[in-house]
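Participant: Once you've had a glance at the structure underneath, I'll fire off some questions.
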Amino acid sequence: MGMRIDFHTHIIPEQLPNFFEKYGQERWPILQPTCSCGANIMVGGKVFREVTDQVWSAEKRIEDMAKEGVCMQVLSPIPVTFSYWAPPHAALEMAVIQNDFIAETVKKYPTKFLGLGTVPMQDSEVAIKEMDRCIHELGLHGLEIGTNVNGVNLDSEQFQPFFEMAEKWNVPLFIHPWETLAKDRTPDHNFMYTVGMPSETALAAASLTFGGVIEKYPNLKICFAHGGGSFPFILPRLDQGWEVWPHLRKTSKPPSHYVQNFYFDSLHYDPLNIQFLIDRFGYEKIVIGSDYPFLLREVPPGRVIDRLQDISSEVREAIFSKNALEFLNIKETNLRYGKQSIDSRR
């Protein structure tokens, strides 16, 4: 079956402090145990998500990985913990707890896990300092950031210092939807997850391309969750908008010119969609991602790739593992010894 790296998985510390008691704001996520093997993530006194020990236990993850043919997981925070709405110092405290936890988990099981950190994007100066610590002190392999920050799109000038340093330090960015658009129209049927999140990701990718961020920082390495959501399918429409509205242009070329460094996880469920991603962006830009351990995850990770017709073993191997390592700046030869060499420009 070959080596499989699940790029898209989420984790949270079991002993997450109660920030509601400390700071008073209701939007802090609280982990409320329901049994020895489960808990509810509570936000504002309501159940945000029911979880099992899979979401905090490295040992449980390793058991599941063995059952499902996964060699390594890339760990990232649960987006509800981003806390961009909070005062920067408080959000930083939440980020530090998670970043330390993820780094410790990777250190304990270096042949099983790779780690992504989180930073308070509402304050670029604070975000840059924590990015520096994540990459150059903790040895994490990149950052997970949200698709917007308090309703502000990623092409806002306030984020330019952050993107400038991410490019300078060669920090991979995993962009995951959160605080999705049209929240007032998506409560029914869990449309927030099935419609809102893919649309939110498309808006983020459109902002980075149409909004000039990638033209200004062309070496940024970015991977989009959920196969980029609807972005791959609306990219020609974005190009058409660029063509017919010259007064709106912030770039010298249409949006499709700025996707060379974009990666996409494979969480589209359908081989037709994956083949479309391969045809449009190249197989070198696809990584497997399952959204472990949540309900919408793909089981086993990479199943959609297994169902692809007429692709070579070279392409499968790239999607299963090599592309993720390339994105994360890790040398494959070091993984078998638990050494995670990172090419970070500083």
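Readers should treat all values here as calculations from the given coordinates under stated rules, not as data from a laboratory. Since we're looking at a predicted model, the values are computed, not measured. Here the Cβ positions follow ideal geometry from the backbone for every residue, glycine too, while neighbour counts run over all protein chains shown.
Participant: Let me know the charge dipole size of the chain about its Cα centre in debye, to the nearest 20, where only the beta-carbon of Lys, Arg (+1) and Asp, Glu (-1) is charged.
Facilitator: On the way: 34 positive and 43 negative charges, 80 e Å.
Computed about the Cα centre, the dipole is about 380 debye.
Participant: What's the ranking of 195-201, 269-275 by average number of surrounding C-beta atoms within 10 Å, highest first?
Facilitator: 195-201, 269-275
Participant: Order these peptides, 245-258, 2-15, 298-311, by their mean beta-carbon neighbour count within 10 angstrom, highest first.
Facilitator: Working: 245-258: 13.2, 2-15: 21.8, 298-311: 16.6.
In decreasing order of mean packing, 245-258, 2-15, 298-311 become 2-15, 298-311, 245-258.
Participant: Determine the gain in length on full extension of the stretch PHE233-LYS108; use 0.36 nm per residue of separation and subtract their C-alpha separation, reporting nm with one decimal.
Facilitator: Numbers: separation 125, 0.36 × 125 = 45.00 nm, distance 4.06 nm.
Full extension of this stretch gives 40.9 nm more.
Participant: Here is a further query. Run the paramagnetic zone check for GLU59: 7 angstrom along Cα to Cβ, then residues of segment 22-41 with backbone nitrogen under 18 Å.
Facilitator: 35-39
Participant: Can I ask one more? What order do you get for 123-136, 204-217 when each peptide is scored by the mean count of other beta carbon atoms within 10 Å, highest first? Write down the numbers at each step before the final one.
Facilitator: Details: 123-136: 19.5, 204-217: 22.0.
Result, highest mean first: 204-217, 123-136.
Participant: Most exposed first by the Cβ proxy, i.e. fewest other Cβ within 10 Å, how do LEU328, LEU116, LEU295 rank?
Facilitator: Numbers: LEU328 25, LEU116 30, LEU295 9.
Lowest to highest Cβ neighbour count: LEU295, LEU328, LEU116.
Participant: If I take R0 = 35 Å and measure r between the Cβ atoms of LEU296 and VAL244 in this structure, what FRET efficiency does the formula 1/(1 + (r/R0)^6) give, to the nearest 0.05? Mind dumping the intermediate values first?
Facilitator: Numbers: r = 36 Å, r/R0 = 1.04.
E between LEU296 and VAL244, to the nearest 0.05, is 0.45.
Participant: While we're on this one: Within segment 151-171, what residues put their amide N at less than 15 Å from the label point 7 Å along the Cα-to-Cβ vector of PHE276?
Facilitator: From segment 151-171, the list is empty.
Participant: Related question: With unit charges on the beta carbon (Lys/Arg positive, Asp/Glu negative), name the residue among CYS37, SER199, PRO172 whose Cα is farthest towards the positive pole of the charge dipole of the chain.
Facilitator: Checked the options; the winner is PRO172.
Participant: Next question. May I ask you to list the residues of segment 62-98 whose amide nitrogen lies under 16 Å from a point 7 Å from Cα along the Cα→beta-carbon direction of LYS129?
Facilitator: Zone members listed by number: 87-97.
Participant: Using the charge dipole of segment 70-177 (Lys, Arg: +1 at Cβ; Asp, Glu: -1 at Cβ; taken about the Cα centre), state which of VAL70, SER156, GLY142 has its Cα farthest towards the positive end.
Facilitator: The listed residue farthest towards the positive side: VAL70.
Participant: Looking at segment 21-107, which GluC sites (Glu not before Pro) are in a loop (DSSP not H, G, I, E or B) and have at most 14 other Cβ atoms within 10 Å? Don't skip to the end; give the middle numbers.
Facilitator: Working: sites: GLU21, GLU26, GLU50, GLU59, GLU63, GLU68, GLU93, GLU104; in loops: GLU26.
Those satisfying the criteria are GLU26.
Participant: Using R₀ = 45 Å, calculate the FRET efficiency as 1/(1 + (r/R₀)^6) where r is the Cβ-Cβ separation of GLN160 and ASP310; round to 0.05. Intermediate results must be reported in sequence, preceding the final value.
Facilitator: On the way: r = 43 Å, r/R0 = 0.96.
That gives a FRET efficiency of 0.55.
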